[in-house]
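Participant: Got a structure for you, written out below as structure tokens; questions coming shortly.
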Amino acid sequence: MKNLSAYMELTKPRILSMVLVTTTIGYFLAAKGIHPLGTLFLTLLGVGCATGGSAALNNYLERDVDSKMVRTRDRALPAGLIQPANALAFGITLVLLGLFILVWAVNLLTGFLVLLAAFLYVLVYTPMKRLTWLNTTFGAIPGAIPPLCGWAGATGRLDAGAWVLFLILFAWQHPHFYAIAWMFKDDYRDAGFKMLPVVDPSGVSTFRQTILFAILLLSVSVLPTAIGMTGRVYCIGALMMGLALLAVGVLFTRSKSFLDARRLLKASVIYLPLLLLLIIIDAGF
């Protein structure tokens, strides 16, 4: 049972849950509902397997540096609960299984998107963390692909609404992850990760990027109304929530404190589900 729990941990359940939620929202908005249920289930199964497998491969590639960080040294691989070879086989198997399910039972486009996300996350974002602070921006691309998978799973194509969801998630990840990077900058430095607060300890660049992407998020969050996917209720709510998140971001940049970084992290975690829920409520099917 303990071993099973360790393998589940390799899939990063919290990230996996968010991926499944955003995939479902993309499907729901494209299909104007959750039917056919069978296709939704297979889409979520394929995306879930590939995402969990990618997370396991990320754990495998970062097992040495994870052992150097306080926040990750108790993970399954650094703690010796799972052998690296087993984690590698587990991750590859899940990714291939997810890809097979999507290509065989859903459509080729959805399979391609999930393979692209896995490639970018495992083979681009993961090594880039040791090379350049731009890893956050490159890592935000696979993080924004799940709603595209849901949309493609429902329709077999990518319409404007799918790309709007992509842009929202892409912009949102920056203030979210910059807050995390500031909170754990010492850990990242010790591990050799080139996160922005490590490259620029003064925080000037981190604070600038946080505000820029909070403003970008505020701007792209009104696009669902601009393309006719939602109405005024959503637009007003998105503006209010976006301004609130921006205000928390400004507070963080002024205080430069761990406490306000954590406040920004919490605000971003509250913001996204509320925004997505508002899209669904105001979609008006």
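Participant: In this structure, does Thr72 turn out to be of a type in the set (Ser, Thr, Tyr), at pLDDT below 95 and within 19 Å of the chain's Cα centre (by Cα)?
Facilitator: Against the criterion (of a type in the set (Ser, Thr, Tyr), at pLDDT below 95 and within 19 Å of the chain's Cα centre (by Cα)), Thr72 qualifies.
Participant: Still on this structure: In the list Gly156, Gly139, Gly192, Gly150, which residue meets the criterion of being under 19 Å from Lys68 (Cβ atoms) and among the small types (Gly, Ala, Ser)?
Facilitator: Gly192
Participant: Determine if the range 77-93 includes at least one residue that is surrounded by fewer than 19 Cβ atoms within 10 Å (Cβ to Cβ), touching a Cys at 6+ places or on another chain (Cβ under 7 Å) and at pLDDT 95 or above.
Facilitator: No - not one qualifying residue is present in the range 77-93.
Participant: Pairs only if they're at least six apart or on different chains, beta carbon under 6 angstrom, first in the range 217-240 and touching a residue at least 12 places away in the same chain (Cβ under 8 Å), second part of a helix (DSSP H, G or I) and surrounded by fewer than 18 Cβ atoms within 10 Å (Cβ to Cβ); list them, first residue then second.
Facilitator: Val220/Leu167; Ile227/Ala160
Participant: Next question, about the same structure. How about the range 155-246: which helices (runs of 4 or more DSSP H) wholly inside it have at least 2 residues that are surrounded by fewer than 18 Cβ atoms within 10 Å (Cβ to Cβ)?
Facilitator: Qualifying helices (runs of 4 or more DSSP H): 160-183, 185-191, 204-220.
Participant: Regarding the range 137-154, can at least one residue be identified that is of a type in the set (S, T, N, Q), buried (at least 17 other Cβ atoms within 10 Å of the Cβ), in a loop (DSSP other than H, G, I, E, B) and modelled with pLDDT of 95 or more?
Facilitator: Scanning the range 137-154, I find no residue that is of a type in the set (S, T, N, Q), buried (at least 17 other Cβ atoms within 10 Å of the Cβ), in a loop (DSSP other than H, G, I, E, B) and modelled with pLDDT of 95 or more, so the answer is no.
Participant: Whether any residue in the range 9-27 is of a type in the set (D, E, K, R), surrounded by fewer than 18 Cβ atoms within 10 Å (Cβ to Cβ) and without any contact (Cβ under 8 Å) to a residue 24 or more places away in the chain is what I want to check.
Facilitator: Checking the range 9-27: at least one residue is of a type in the set (D, E, K, R), surrounded by fewer than 18 Cβ atoms within 10 Å (Cβ to Cβ) and without any contact (Cβ under 8 Å) to a residue 24 or more places away in the chain.
Participant: Within the range 242-285, can you find the residues that are among the polar types (S, T, N, Q) and either in contact with a Gly (Cβ under 6 Å, 6 or more places away or on another chain) or under 29 Å from Gly228 (Cβ atoms) (or both)?
Facilitator: Hit for the range 242-285 is Ser268, nothing else.
Participant: I would also like to ask the following. Kindly evaluate Val47 against the criterion of being touching a Pro at 6+ places or on another chain (Cβ under 7 Å), more than 19 Å from Tyr188 (Cα to Cα), assigned by TED's automatic domain parsing to the domain that holds Glu9 and assigned to a helix (DSSP H, G or I).
Facilitator: Yes.
Participant: Specify the residue that is nearest to Ala6 (Cα to Cα); the eligible residues are those in the range 60-76 that are of a type in the set (Lys, Arg) and in a loop (DSSP other than H, G, I, E, B).
Facilitator: Among residues in the range 60-76 that are of a type in the set (Lys, Arg) and in a loop (DSSP other than H, G, I, E, B), the one nearest to Ala6 (Cα to Cα) is Arg75.
Participant: For the range 94-136, give me each residue that is crowded, with 16+ Cβ neighbours inside 10 Å, not in a helix (DSSP H, G or I) and not charged (D, E, K, R).
Facilitator: Answer for the range 94-136, where residues must be crowded, with 16+ Cβ neighbours inside 10 Å, not in a helix (DSSP H, G or I) and not charged (D, E, K, R): Val106, Asn107, Trp133.
Participant: Here is a list of conditions, (1) closer than 20 Å to Ala140 by Cα; (2) surrounded by fewer than 18 Cβ atoms within 10 Å (Cβ to Cβ), and Leu264 meets all of them except one; can you say which number that is?
Facilitator: (2)
Participant: If you don't mind, there's one more thing I want to ask. Scan the range 86-117 for residues that are more than 22 Å from Ile141 (Cα to Cα), in contact with a helix residue (DSSP H, G or I) (Cβ under 9 Å, 6 or more places away or on another chain) and of a type in the set (Gly, Ala, Ser) and jot them down.
Facilitator: Ala87, Ala105
Participant: Taking the range 186-235 on its own, how many of its residues are under 30 Å from Ile281 (Cβ atoms) and among the small types (Gly, Ala, Ser)?
Facilitator: 6
The values are calculated or read from the model by the stated rules, or taken from the named source; none is laboratory data. All figures in this text were calculated on a predicted structure; none of them were measured in a lab. All Cβ positions, glycine included, derive from the backbone under ideal geometry; neighbour counts span all protein chains shown.
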